[in-house]
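Computed from the coordinates by the stated procedures, all read-outs in this text should not be read as laboratory data. These numbers were taken from a predicted model, which means no experiment stands behind them. Cβ placement follows ideal geometry from the backbone for every residue including glycine, while neighbour counts extend to all protein chains displayed.
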Ligand code: ADP
Ligand code: MG
């Protein structure tokens, strides 16, 4: 029960609809309750003999019997005044009318439910996407991508189809049950008690089966997650899979997971499908026992046949919603398992926090200082950075070199606060970067990475990328600085060409120059280039390098370069190895020192 409460905050937004839905349901239940039982005394009289007519009204209306008597008296009057034929038409019209209203409110309740259901699903996806955007990078390892995508899609879908689709039942069923119970108690409290005892027995049996369902569902959704991961891996690794003739190996791995999923699903469905038949069978058994009991009551004369029939009618009114309810509880268990998985993401800790008393970071004035910086990735006991002390003066270009795994990317990622240092601190102009407004810190750092990340949008929007109050002139100027303008204007629709459209074949160098234009437009004080040219062939590397040179003018830059020739003019070259700075100095100094840097240079000068 506790876990279904999690939906309440989501429901809150739809208070109005919820109220309208409940109102419609109450009205629907009222109309379905009154429809038949009230007709019973009428029908008895209508099809009865002249002597059945009730000529005198009861003196009080204290009991149900009195009420039935009064209705019979009222109806007898109608027959006497208008004739049986006319009375029959009245009966038919009122039956049609009550059912019309019952179904009208039933429809209305669904009309009000629809925006709640779809709204909550939308809100959930939105919340998930928002969370994805603010969670630390370390949360999204490659292996977890598929699992996360399946939480976004399959699990949200599951919540939709299992929890939200039964909200209707969850709201209506109790109302119907309460209404029917009230009706039953009014007719005969002893008979009601007896019936309740029977129902309780049924509920206990059915509830027992439902218990394991949630755990099973959870396992199933997890299995689906690894299946999706595998599909993702398979598609992105197709070249390698084919090249290494690993198709049958991959297929076999997939088959194992896929079959496992099928088996889990079989077991779940067998169990779930047991609910409806079992509850119907138990329900009918209950009715049989009730009839048997009622028969003796009628025989004894403690119960009138008409009353007993009305009672049975009300009891049937309980069975159906109870059946739906038990089915719904299965669904809800299944949905809650999915909600747990969605919740894992929604509740994941956002470790990179906005400071409570944040400082503005408008202009970069003096220097960036790494002070005894240590860092280890979450779930890793190895230090990725181990005691970094580095000062970067405004206007300097500092190059980070070293073998892969040395900690270069980690070091620059710390500056943008993609992660926070484990020990030590990073200061800009004397203030710890954790104290600056996160948005301002990041917008003063321009980032160009090895992988040119572009989005399914126009060239223009990929450059502007969310910046506000940007003129077309500025965009074109940025593209020119990035040496991108020439090829953009040659594209089919120029700046309006959609990157995602088929037929747009941008080379790696062109893609990279677009991301450089994006950085130029932001005019950041600090630049971070993490192997910006490493993925390029030497022809486009030249163009990109020229673009980068333009970009770096009058800026402070941290450059990670694969090709050492591109950084030999840097103000400082830092050699990183296993998280430590083993050398620092200018190109010439380091060469003459004949150490690690010299070795790296020699390796490249073949
Ligand atoms: P470089 O950029 O110099 O090649 P990195 O900064 O990427 O090196 O990596 C430094 C160390 O941190 C390596 O040992 C690497 O295995 C580890 N590392 C990098 N990224 C992660 C990560 N997301 N999770 C755990 N360990 C990581
Ligand atoms: Mg790297």
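Would you mind putting 78-84, 570-576 in packing order, based on average other-beta-carbon counts within 10 Å, highest first?
In decreasing order of mean packing, 78-84, 570-576 become 570-576, 78-84.
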Taking the Cα centre of each part, how many Å lie between the stretch 569-590 and the stretch 67-126? 85 Å
What distance in nm lies between label points placed 7 Å from Cα along the C-beta direction at residue 461 and residue 256? 4.3 nm
Centre separation in Å (Cα based) which lies between the stretch 520-566 and the stretch 418-454: 18 Å
Once residue 130 and residue 186 are pulled to full extension, the length gained, defined as 0.36 nm per residue separation minus their Cα-Cα distance, is 14.8 nm
Counting DSSP beta bridges with both ends in the stretch 367-604, the antiparallel % (nearest 5): 55 percent
DSSP-defined beta bridges in the chain - what % are antiparallel, rounded to 5: 50 percent
When only alpha-carbon atoms count, how far does the stretch 367-604 stretch along each of its three principal axes, as whole angstroms with the largest first? 51, 42, 35
Using only the Cα atoms of the stretch 2-346, what do you get for the radius of gyration and for Dmax, in Å? 27.7, 97
Distance between the stretch 326-400 and the stretch 283-321 - C-alpha centres, whole angstrom: 65 Å
Mean Cα-pair separation over length for the chain, i.e. relative contact order, pairs under 8 Å, 6 or more apart, %: 13 percent
How far apart, in nm, are two points set 7 Å out from the Cα along the Cα-to-Cβ line at residue 284 and at residue 15? 4.8 nm
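Take the Cβ-Cβ distance between residue 480 and residue 539 as r, set R0 to 25 Å, and report the resulting FRET efficiency rounded to the nearest 0.05. Show your work: numbers first, answer last.
Details: r = 20 Å, r/R0 = 0.80.
My answer for the efficiency is 0.80.
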Quick calc, residue 34 & residue 193: beta-carbon distance into FRET formula, R0 35 Å, rounding 0.05, result 0.90
CD proxy at 222 nm, helix term only [per DSSP H run n ≥ 4: -39500 (n - 2.57); per residue of the chain; nearest 500]: -20500 deg cm²/dmol
Would you calculate the separation in nanometres between label points at residue 248 and residue 490, each defined as 7 Å from the Cα along the Cα-to-beta-carbon direction? 4.7 nm
Can you give me the convex hull volume of the Cα atoms of the chain, divided per residue and expressed in Å³? 240 Å³
Quick check for you: which residues of the stretch 513-537 have the amide N under 17 Å from the point 7 Å beyond the Cα of residue 443 toward its beta carbon? 518-527
Mind giving me the FRET efficiency for residue 61 and residue 203? R0 is 45 Å, r the Cβ-Cβ distance, nearest 0.05 is fine. 0.80
Quickly rank 360-366, 112-118 as a protection proxy: mean count of other C-beta atoms within 10 Å, highest first. 112-118, 360-366
Peptides 268-277, 538-547, 239-248, 507-516 ordered by average Cβ neighbours within 10 Å, highest first: 507-516, 538-547, 268-277, 239-248
List the residues of the stretch 398-418 whose backbone N lies under 20 Å from a point placed 7 Å from the Cα of residue 350 along the Cα-to-Cβ direction. 414-418
